[in-house]
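Presented below is the structure to which this report refers.
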Amino acid sequence: GLFGVPELSCPEGFQEAQDKALQESEQLVQKACSTPPGPETVMIFDQLSDSLCRVADLADFVKVAHPDFAFREAAEEACRNIGTVVEKLNTDIELCQSLRRLLADETVMSSLDPETRRVAELFMFDFEISGIHLDEEKRKKAVDLNVRILDLCNEFLIGTHLPNKIDKHVLPEHIRYNFTAEGNYLQVAGLHADCPDDLVLEAAYKIFLHSNAQQLRRLEDLLASRNSLAQLVGYDTFAHRALQGTMAKNPETVRQFLEKLSDQLSKRTQKDFEMMTKMKMKLNPHNSTLMPWDHPYYSGVLRAERYNIDPGLYCPFFSLGACMEGLNSLFSRLLGISLYAEQTKRGEIWSEDVRKLAVVHETEGLLGYIYCDFFQRPDKPHQDCHFTVRGGRLRENGEYQLPVVVLMLSLPHSARGAPTLLTPGMMENLFHEMGHAMHSMLGRTRYQHVTGTRCPTDFAEVPSILMEYFANDYRVVNQFARHYKTGQPLPKNMVSRLCESKKVCAAADMQLQVFYAVLDQIYHGKHPLKKSTTEILKETQEKVYGLPYVPNTAWQLRFSHLVGYGAKYYSYLMSRAVASMVWKQCFAQNPFDRAMGERYRREMLAHGGGKEPILMVQGMLQKSPSVEDFVDALVSDLDHDFETFIMDS
């Protein structure tokens, strides 16, 4: 069976696994309601969470990644059914009372350890945001809204990826070959950002981002439903509800962070736009106004011209085997951890090119498993991601339930006679996803509710982004980057050039991220919105980003992060700020410092979501960072390295 779960040897097994989980959860609900207040209450709640998550998390992965449609469909159904049960449990009065009794008992509460107390509070928070304190009619409304939001999220997400069609005669003949033909129509499925033809860039932008009434309605419904739910359960806005428990804590702090960052970036961003405009004039004298579709293309041209970083020059040094060796050696030196390839049993994996790794600590033994689903295949989503398939927890019998995760990338298959070769970007993504995996392996909490990456969103990206700093450090890269034919190491100036090239137009790139984050905050802020989502987009784009809005486009209808990161898109920037501070203060001097590695594990990885995120950051940095510190960390990363600059000059 998939992941060694015996029921999942066929799609129908999802029904069986689901029924088993629901049966188990019913017994646990009864047990929770009849247990006197004490640490056991929290234990039962966590078991309940685990029995449902074990099916839901696994199904979450299978529904997007399994090559067999029947498996995907069965998993989708299981997700929906378990989601509905979770929403019902979150409004179950009797179940909530058993937790309330515990939280109200000061003597028992003071005897609990901090992690157990926090987990009890987090479970209570789940009840409260689902409207447990409301009367029966309003509670039912909260459940209905939650189910509606789930459906709208799925519909909106599908809509973000659908191609747009256009009558082929609308486009000049010489550019039609760039798009997929379908009878008299052409399909535009993306922005073609790396195409050297200005006309293709413009056409793709205007057609792919053309407004769509149905998708617009879905977005408006989604935002309105989220707002109704938040207000129903006692929050001013959806953003207030979503930011509870995060590092930022509230929308005011997020706004302050984004405004200060935008102010600090503005001059640099202007300079970047001027450089892109000059480059555009040089290549296209007839039309020199910088448009939104120009940003990704011309920043790439500037990078390539200034630093000669053709991926083809780097790929031979980054074979997949070498990169995995590099990660293994880094984890071994920093954390005492090694990765071992493990044989899989029949039916355990969903594609024959998936590899299973055992994660082993030098003294603590086996910590968990990582399934590496690294290669492209038809119907596989293109984004790189990390999935928790099973969370770690201390079982009732005293054994530890080992965490299981999947890392999904879309690497090309190797050419005959050559290993799989990664571009620098793919190598960095591999390190990024491995950062999440290590968080999952080392966040060995007693409770699965807060295990590994089950922590606030603005903290969850810190371990993965920190790994990017390691991937961009010559001392680390030099350990593994070898030419697959000659064994020659990657020259130091090539690594320096690559790192410096990333700073070209980096202020404008970051400003674009600030724009997305501000837009996300406004959409999830005060309702009813003062204007339509498209008018808000236009206004915010011109004010925050600086490049003109293009009439009849609606970029927000392609903003898929509004689903998983609603009101939390800022998290990438805040996590990067923390990762930058941790790198500079703790690892920049010596990226292999074992004592620092242990401190990082102890202070930041070990707690999962069982400790307040800002306290973990304080433990690591040994100071409490301010919003200004976050902004300074991000902006100082944009400065060019003087030594490289001199070498290159």
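The values are calculated or read from the model by the stated rules, or taken from the named source; none is laboratory data. Source: prediction; values computed, not measured. Neighbour counts run over all protein chains shown; Cβ positions are idealised from the backbone, glycine included. SASA here: full protein model, heavy atoms, side chains in, ligands and nucleic acids out. Shrake-Rupley method; radii C 1.70, N 1.55, O 1.52, S 1.80 Å.
Coordinate range of the alpha-carbon atoms in the chain per principal axis, descending: 78, 56, 51 Å. Here segment 126-149 is scanned for amide nitrogen atoms under 16 Å from the site 7 Å beyond the Cα of M109 along Cα-to-Cβ, giving 126-128.
Across segment 75-87, rounded Karplus estimates of 3J(HN,Hα) from the backbone phi angles (6.51 cos²θ - 1.76 cosθ + 1.60, θ = phi - 60°) give 5, 4, 4, 4, 4, 4, 5, 5, x, 5, 5, 4, 4 Hz, Gly and Pro being marked x. When each of the peptides 205-211, 633-639, 507-513 is scored by the mean number of other C-beta atoms lying within 10 Å of its residues, the order from highest to lowest reads 507-513, 205-211, 633-639. The Cα-based radius of gyration and maximum Cα-Cα distance (Dmax) for segment 2-133 are 16.6, 54 Å. Backbone phi angles across segment 320-327, fed through the Karplus curve with coefficients 6.51, -1.76 and 1.60 (θ = phi - 60°), yield HN-Hα couplings of 4, x, 5, 5, 5, 4, x, 5 Hz in residue order; Gly and Pro are listed as x.
Quick one: net charge of G365's neighbours, Cβ under 15 Å, K/R +1, D/E -1? Before the final figure, lay out the partial values.
Numbers: positive: R444; negative: E342, E362, E364, E399.
Result for the local shell: -3.
Ordering L52, H640, L122 by Cα displacement along the dipole of the chain toward the positive end leaves H640 in first place; charges were set at the Cβ atoms of Lys, Arg (+1) and Asp, Glu (-1). Within straight-line reach of K530, meaning a Cα separation under 18 Å, sit the following lysines at least 8 residues removed in sequence or on another chain: K538, K543. Kindly list the residues of segment 416-439 that lie in the label zone of D593, defined by a backbone N under 17 Å from the point 7 Å along the Cα-to-C-beta vector. It comes to no residues whatsoever. Qualifying GluC sites (Glu not before Pro) in segment 395-455, where qualification requires a DSSP coil assignment and no more than 11 other C-beta atoms within 10 Å, comprise E396, E399.
Taking all protein chains in place and a 1.4 Å probe, what share, in percent, of the accessible surface of segment 2-133 do carbon and sulfur account for?
53 percent
Averaged over its residues, segment 589-642 has an accessible area of 44 Å² per residue, based on protein heavy atoms and a 1.4 Å probe. Computed from the Cβ-Cβ distance with R0 of 35 Å, the FRET efficiency linking M291 to K88 stands at 0.10.
Spacing of the modelled spin labels on S636 and S338, each 7 Å from Cα toward Cβ, amounts to 3.8 nm. Farthest toward the positive end of the dipole of the chain, out of N284, V406, G245, is the Cα of N284, where the dipole comes from beta carbon charges about the Cα centre. Taken one residue at a time, the phi angles of segment 536-543 give Karplus couplings (6.51, -1.76, 1.60, θ = phi - 60°) of 5, 4, 4, 4, 5, 4, 6, 7 Hz. Gly and Pro are set to x.
Grab the beta carbon distance between L134 and Q30, set R0 = 22 Å, and tell me the FRET efficiency rounded to 0.05. Result of the calculation: an efficiency of 0.35. The label-point distance for R101 and Q585, in a model that sets each label 7 Å from Cα toward Cβ, rounds to 4.4 nm.
Potential lengthening of the chain between S410 and D151 amounts to 90.5 nm, from the contour at 0.36 nm per residue minus the alpha-carbon distance. Here each label is just a point 7 Å from Cα along the line to Cβ, and for K271 and R377 those points are 4.8 nm apart. Once the Cα atoms are used to define both axes, helix 571-582 deviates from the longest principal axis of the chain by about 90 degrees. Give the distance, in whole Å, between the Cα centre of segment 420-453 and the Cα centre of segment 64-125. First find each Cα centre; the distance between them is then 24 Å. What the Cβ-Cβ distance of K530 and Q23 gives, at R0 = 56 Å and to the nearest 0.05, is a FRET efficiency of 0.65. Over all pairs of different C-alpha atoms, segment 552-637 has a mean inverse distance whose reciprocal, the Kirkwood radius, equals 14.7 Å.
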